[in-house]
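Participant: The structure is given below, and queries will be raised subsequently.
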Amino acid sequence: MKPALQPLVHDRRSACPGLFRMAQARDGGICRVKLTFGNVTSNQMTGIAEAAEQFGNGIVDITNRANVQIRGIRPDSEDMLVDGLLELGLGPLTDKGDDVRNVMISPLAGLDKGKFDIRPLATRVLTALQTSPSYQKLSPKFCIQIDGGESIAMVSHPHDLWLSPVNSGNPRAGFSFGIAGTPPVLAEDFPALGLVNVEHTFELVTTVLDIFIEWNARNPDASRLRHMLADIGNEAFTRLLEQRLGTTVQHPDLYYWRREMPLASGHFGIVDTSNAGHCMVGAMPPLGRLSPDMLRSLTAIADRHGCGTVQLTPWQSVLLPGVAIERAGETLKALHALGLVSDPREPIATMISCSGSAGCKSALAATQSDGIRLAALLAGKPDIPQIHLTGCSKSCASPLAKPLTLVATSEGHYDIFLYATNGPSRFGKLLASNRTIEESADLIGTNFGSGGPSHA
Ligand code: SF4
């Protein structure tokens, strides 16, 4: 039975949209559809296009967790929208399981040559989250990453719990894990907390969750594992974990273990896979946003050239799996014709933005249209670092600072920040204040357009 739509109440869940809970924005309700590992069939994609057109304002965003958001939902359409999405098979396994469908894996999971297939483990974890009454109470932001060491992976998003094989070609070497962070890639990154055998990976996840839920019962205002770690500390948590698992998880050598650096732009263009004779083809819709017509055309391309599914990515882009290698070039051309970009050197290929003033009352500028204008002014200039436009300092589009951040100050004006590990602001160092889009393009193009930054 479909759960009743939940009114917006002042609890910790109210700000997060879900399938059954439309968050209210300036342009109407937002419905977030949490997809299983970012995978959607062409039939489902067509249904989403129709729903966005019929019940919303036609805007569908890919999120940085490889889900989709349908925007502009009218209050009298909410029930019909939910019914339609459930009929498409886009609902959770249980009535109360929607919020906790937060397991991230690589878009290449199971298809990367020589890499362990982590999809069965990820599916087991995702099922447990949705079907266990105690796990269903976790925060909608509570998230788990199950990494297989794939060459294409988003490993910079912090997760409540992450697991990663210490040798991606040999799962018997065990899985490292960490809490409230990311798998270490660089020497200066925070090391893994522990190591478990591949047979114990599922038990590790459930034990960590159980420990957190018990702690959370005594600390009901907290919602994330980082809160528990800040309270009890790494040592006490690790000891407790070892007691419950009946095994040692701390290994001195783990201090030096680093995950292999994923490819910088691996999700663009033609991607080799272990599926003989077939590849994936990837491209980015401008600012991760798709119209109903684009969605329908995308599904037609997936049906004609691929295997009838579309893989969404945490870079807010798409990958079409199952494309015969000899048809890859043609498929890429079809995506370009649709307005998607596959050249990572183009600023629009990596630019991200929140909804801006068109969709959010807090926004000081129209970040989406400003972003498109900025990208057009910078088009063809190589070496532009990734740009993030945000309508206010809340930075909804990115939990982490990007190389360049434009923070709106008023309509059409932005402060420009260059990322720096030592701040002074959360976005880095202030390069320029209160610049128009044209002034921003001049400054960025001059400083970065043909080489490294002169302000760095
Ligand atoms: S970053 Fe600010 S302006 Fe943009 S969507 Fe979030 S709250 Fe709104």
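Participant: Working only within the range 395-409, note down all residues that are surrounded by 21 or more Cβ atoms within 10 Å (Cβ to Cβ) and more than 14 Å from the ligand (Cβ to nearest atom).
Facilitator: Taking the range 395-409 first, the residues surrounded by 21 or more Cβ atoms within 10 Å (Cβ to Cβ) are 397, 402, 404-408.
Of everything in the range 395-409, just one residue is surrounded by 21 or more Cβ atoms within 10 Å (Cβ to Cβ) and more than 14 Å from the ligand (Cβ to nearest atom), namely L404.
Participant: If I ask for residues that are on the phi > 0 side of the Ramachandran plot and assigned to a loop (DSSP other than H, G, I, E, B), which ones from the range 311-370 would you list?
Facilitator: Let us first name the residues in the range 311-370 that are on the phi > 0 side of the Ramachandran plot, namely 316, 322, 339, 356.
Scanning the range 311-370 gives Q316, G339.
Participant: Checking A366 against (1) more than 23 Å from A66 (Cα to Cα); (2) within 12 Å of the ligand (Cβ to nearest atom); (3) out of contact with any helix residue (DSSP H, G or I) (no Cβ under 6 Å at 6 or more places or on another chain): exactly one of these is not met. Which one?
Facilitator: If we test A366 against (1) more than 23 Å from A66 (Cα to Cα); (2) within 12 Å of the ligand (Cβ to nearest atom); (3) out of contact with any helix residue (DSSP H, G or I) (no Cβ under 6 Å at 6 or more places or on another chain), just (3) comes out false.
Participant: If I ask for residues that are within 16 Å of the ligand (Cβ to nearest atom) and either at pLDDT below 95 or assigned to a strand (DSSP E or B) (or both), which ones from the range 417-446 would you list? Break it down into steps so the answer makes sense when it comes.
Facilitator: As a first pass, look at the range 417-446 and keep what is within 16 Å of the ligand (Cβ to nearest atom): 417, 425-427.
Of everything in the range 417-446, those that are within 16 Å of the ligand (Cβ to nearest atom) and either at pLDDT below 95 or assigned to a strand (DSSP E or B) (or both) turn out to be F417, S425, R426.
Participant: So, one more: In the range 316-358, which residues are of a type in the set (D, E) and under 28 Å from F448 (Cβ atoms)? Before you say what the answer is, go through the steps one by one.
Facilitator: Initial filter on the range 316-358 (of a type in the set (D, E)): 326, 330, 343, 346.
The answer is D343, E346.
Participant: With the structure loaded, tell me whether T313 is assigned by TED's automatic domain parsing to the domain that holds I211 and touching a Gly at 6+ places or on another chain (Cβ under 7 Å) or whether it fails that test.
Facilitator: Working: assigned by TED's automatic domain parsing to the domain that holds I211: no; touching a Gly at 6+ places or on another chain (Cβ under 7 Å): yes.
Criteria not met by T313.
Participant: Related question: Out of G412, G356, G329, G391, which single residue is more than 16 Å from the ligand (Cβ to nearest atom) and either surrounded by fewer than 18 Cβ atoms within 10 Å (Cβ to Cβ) or more than 30 Å from L111 (Cα to Cα) (or both)? Even if it seems obvious, please write down each step before you answer.
Facilitator: Values: G412 fails: more than 16 Å from the ligand (Cβ to nearest atom); G356 fails: more than 16 Å from the ligand (Cβ to nearest atom); G391 fails: more than 16 Å from the ligand (Cβ to nearest atom).
Sole residue among the options that is more than 16 Å from the ligand (Cβ to nearest atom) and either surrounded by fewer than 18 Cβ atoms within 10 Å (Cβ to Cβ) or more than 30 Å from L111 (Cα to Cα) (or both): G329.
Participant: Let me ask something else about it. Can you pull out the residues in the range 26-76 that are acidic (D, E) and buried (at least 21 other Cβ atoms within 10 Å of the Cβ)?
Facilitator: Passing the criteria: only D61.
Participant: Taking the range 363-392 only, how many residues are at pLDDT below 95 and more than 22 Å from V341 (Cα to Cα)?
Facilitator: Going through the range 363-392 one residue at a time, the tally reaches 0.
Participant: Just a yes or no: is a residue in the range 240-260 of a type in the set (A, V, I, L, M, F, W, C), modelled with pLDDT of 95 or more and part of a loop (DSSP other than H, G, I, E, B)?
Facilitator: The answer is yes, given that some residue of the range 240-260 is of a type in the set (A, V, I, L, M, F, W, C), modelled with pLDDT of 95 or more and part of a loop (DSSP other than H, G, I, E, B).
The values are calculated or read from the model by the stated rules, or taken from the named source; none is laboratory data. In this text the structure is predicted, and so the values were computed from the model without any measurement. Quick reminder, even Gly has a Cβ in these numbers, built from the backbone with ideal geometry, and neighbours come from all protein chains shown.
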